[in-house]
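**Q** Got a structure for you, written out below as structure tokens; questions coming shortly.
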Amino acid sequence: MLLIKNAEIYSPARIGKKDILVCNEKIELIEDRIDGLPDSCRVIDAEGLMLSPGMIDQHIHVTGGGGEGSFHTRTPELALSEMIEGGITTAVGLLGTDGMTRSVENLYAKTAALNEEGVTAYMLTGAYGYPGPSITGEADRDIVFIREVLGMKLALSDHRAPHITPEQLMQTASRVRVAGMLSGKPGIVVLHMGDAPEGLEPMYEVLDRSALPVRIFRPTHINRNGKLLEAGYGFLEKGGYVDYTCGMKGQPSPGQCIAEAARRGLPLEHITISSDGHGSWSSYGEDGTLQEIGVSGVDSLYRELKEMVKGLGMALEDALGYVTAHVAEALDIYPKKGCIAEGADADILLFTEELELHTVIARGAVMMEAGALKKKGTYEK
């Protein structure tokens, strides 16, 4: 058992100073004051600290990404300590451009390893290509029969995309939708959006020509250029979900996009933020040649949260939703994840008043305390 006392709690809504009792990976009790527990119960005095749900990053290349500049540009695999130091307690792993030297089987193994090491991990089947790689031979079968698989990944409007027809996109989305219904999962198609001028139009054509619900498609990297960003605001207006990526060079930050969406009166609860961690960022010339490439870190989610609060003046309880509750709701894992509530998983962060990350608790286990790592990956030194 673990008792956290005197914390200022953001659930993510601010609910005041409370005590929280954690037992068997769950939040068992939240009260103004909890006393009378056995001496064996560990106590953390959180006086002067703010407590929130652990962050959920729904777009991490946990097995590495990149490779677009040949084999030496393949990015490294995610380490557990990176997640912890970034305040991420739940991750969704996925493949990117490289669905050949990277496999969905390896992605599953890494997802399982992260779960065994104490955090929570899910995954998407597929990659950029069509038909994408899968474990069972079909994306919809992966979703139905593999617990960790929540949906599939596909690239759209990108020079690296498979340039599928609207009919192929419609059939794929329909199968994913049914697979989600059968397995009690979100059954989503996460669309890597590129810079091609058609933007979201192929997706809109499918929605116009079919009875598919708007929530089936989840475009990400929607803030990569101005035209796509505007299309994303339009998609929000129609009830869709959009995902803003941290660290888009030369483009508005997620926080700036959210501020503009709020100004326009758009449904903010359908906005999520992700890091694209361990994926490669790249720039290309007009002739398609690779000019620059690098690797994204998972700490960008935490840095964006701080920037929204300290730089843009957003209330902490509002900013937290984009990396906790909104993401959990979009992935159909709320209220198991994404909130501080009795019965929820004990994924907990403690911050100082300056929003420095103090303590990280994942599934009830203390992974970092007073800024010092307590748990690392199996082969981390």
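**Q** Compute the normalised compactness of region 324-381: alpha-carbon radius of gyration over 2.2 N^0.38 Å, N being the residue count. Walk me through the intermediate numbers first.
**A** Working: Rg = 13.2 Å, N = 58, 2.2 N^0.38 = 10.3 Å.
Scaled against compact globular proteins, the figure is 1.28.
**Q** For a quick check of understanding: with a 1.4 angstrom probe and all protein chains in place, what accessible area in square angstrom does residue 145 have, to the nearest ten?
**A** For residue 145, the solvent-accessible surface is approximately 140 Å².
**Q** May I pose another question? I'd like the distance between the alpha-carbon centres of region 22-57 and region 164-220, rounded to an integer number of Å.
**A** 40
**Q** Report the net charge of residues surrounding residue 3, where surrounding means a beta-carbon distance below 12 angstrom and charges are Lys +1, Arg +1, Asp -1, Glu -1.
**A** Working: positive: 5, 18, 33, 42; negative: 19, 28, 31, 35, 39, 45.
Residues near residue 3 contribute -2 overall.
**Q** Right, here's the next one. Sorted from largest down, give the three principal axis spans of the alpha carbons of the chain, whole angstrom values.
**A** Principal extents (Cα only, largest first): 65, 45, 42 Å.
**Q** Another question, then. In the P(r) worked out for region 1-156, what percent of Cα pairs fall beyond 28 Å? Display every interim value, and only then the final one.
**A** Working: 4547 of 12090 pairs.
Percent of Cα pairs beyond 28 Å in region 1-156: 38.
**Q** Within the set 337/375; 238/310; 249/310; 337/376; 153/227; 110/374, which residue pairs have Cα atoms separated by over 28 Å?
**A** On the way: 337/375 21 Å; 238/310 31 Å; 249/310 21 Å; 337/376 22 Å; 153/227 22 Å; 110/374 21 Å.
Over 28 Å Cα-Cα: 238/310.
**Q** Place a +1 charge on the Cβ of each Lys and Arg in the chain and a -1 charge on the Cβ of each Asp and Glu, then give the dipole magnitude about the Cα centre in debye, rounded to the nearest 20.
**A** Numbers: 36 positive and 54 negative charges, 97 e Å.
That gives a dipole near 460 debye.
**Q** Report, in debye and to the nearest 20, how large the dipole of region 220-333 comes out about its Cα centre when Lys and Arg carry +1 and Asp and Glu carry -1 on their Cβ. Mind showing how you got there, number by number?
**A** Numbers: 9 positive and 16 negative charges, 51 e Å.
Once rounded to the nearest 20, the dipole reads 240 debye.
**Q** Just to be sure I follow: if Rg is taken over the C-alpha atoms of region 107-151 and Rh is the Kirkwood radius over the same atoms, what is Rg/Rh? Write down the numbers at each step before the final one.
**A** Numbers: Rg = 10.8 Å, Rh = 10.8 Å.
Rg/Rh for region 107-151 comes to 1.00.
**Q** Let me make sure I get this right: for region 268-366, a, b and c are the square roots of the gyration tensor eigenvalues over alpha carbons, sorted descending. Under 1.5 in a/c it's rounded, otherwise prolate if a/b > b/c, else oblate. Which is it?
**A** Judged from the Cα gyration tensor, region 268-366 comes out prolate (a/c at least 1.5, a/b above b/c).
**Q** Over its Cα atoms, what ratio of radius of gyration to 2.2 N^0.38 Å does region 78-222 give?
**A** Working: Rg = 15.1 Å, N = 145, 2.2 N^0.38 = 14.6 Å.
Relative to the rule-of-thumb radius for its length, region 78-222 sits at 1.04.
**Q** Quick one: Kirkwood hydrodynamic radius for region 83-123, alpha-carbon pairs, angstrom, one decimal?
**A** Numbers: mean 1/r = 0.0928 Å⁻¹.
After inverting the pairwise mean of 1/r, the radius is 10.8 Å.
**Q** By how many degrees, between 0 and 90 and to the nearest 10, does the Cα long axis of helix 104-116 differ from the longest principal axis of the chain?
**A** Taking the Cα atoms of the chain, the angle to 104-116 is about 10 degrees.
**Q** For region 6-73, which trypsin sites (Lys or Arg not before Pro) pass both filters: DSSP loop (anything but H, G, I, E, B) and at most 12 other C-beta atoms within 10 Å?
**A** 33
**Q** Over the chain, average the accessible area per residue using a 1.4 Å probe and give it in Å², no decimals. Walk me through the intermediate numbers first.
**A** Numbers: 15520 Å² over 381 residues.
Accessible area per residue, the chain: 41 Å².
**Q** Related question: Report the far tail of the P(r) of region 117-178, meaning the percent of Cα-Cα pairs longer than 19 Å. Can you show the working numbers first?
**A** Numbers: 589 of 1891 pairs.
I get 31 percent for the Cα pairs in region 117-178 exceeding 19 Å.
**Q** On to the next question. With no solvent and one point on each alpha carbon, what is the Debye value of log10 I(q)/I(0) for region 67-140 at q = 0.16, 0.23, 0.28 Å⁻¹?
**A** Log-scaled intensity ratios, in q order: -0.62, -1.08, -1.26.
**Q** Farthest toward the dipole's positive end in the chain, which of 24, 253, 360, given Cβ charges of +1 (Lys, Arg) and -1 (Asp, Glu) about the Cα centre?
**A** 24
**Q** Dipole magnitude of region 298-381 about its Cα centre, charges +1 at Lys/Arg Cβ and -1 at Asp/Glu Cβ only, in debye to the nearest 20?
**A** 440
The values are calculated or read from the model by the stated rules, or taken from the named source; none is laboratory data. Every value quoted in this text rests on a predicted model; they were computed, and no experiment measured them. A quick note on method: Cβ atoms are made from the backbone with ideal geometry, for glycine too, and the neighbour counts reach across all protein chains shown. The area values use the complete protein model at the heavy-atom level, side chains included, leaving out ligands, DNA and RNA. Shrake-Rupley method; radii C 1.70, N 1.55, O 1.52, S 1.80 Å.
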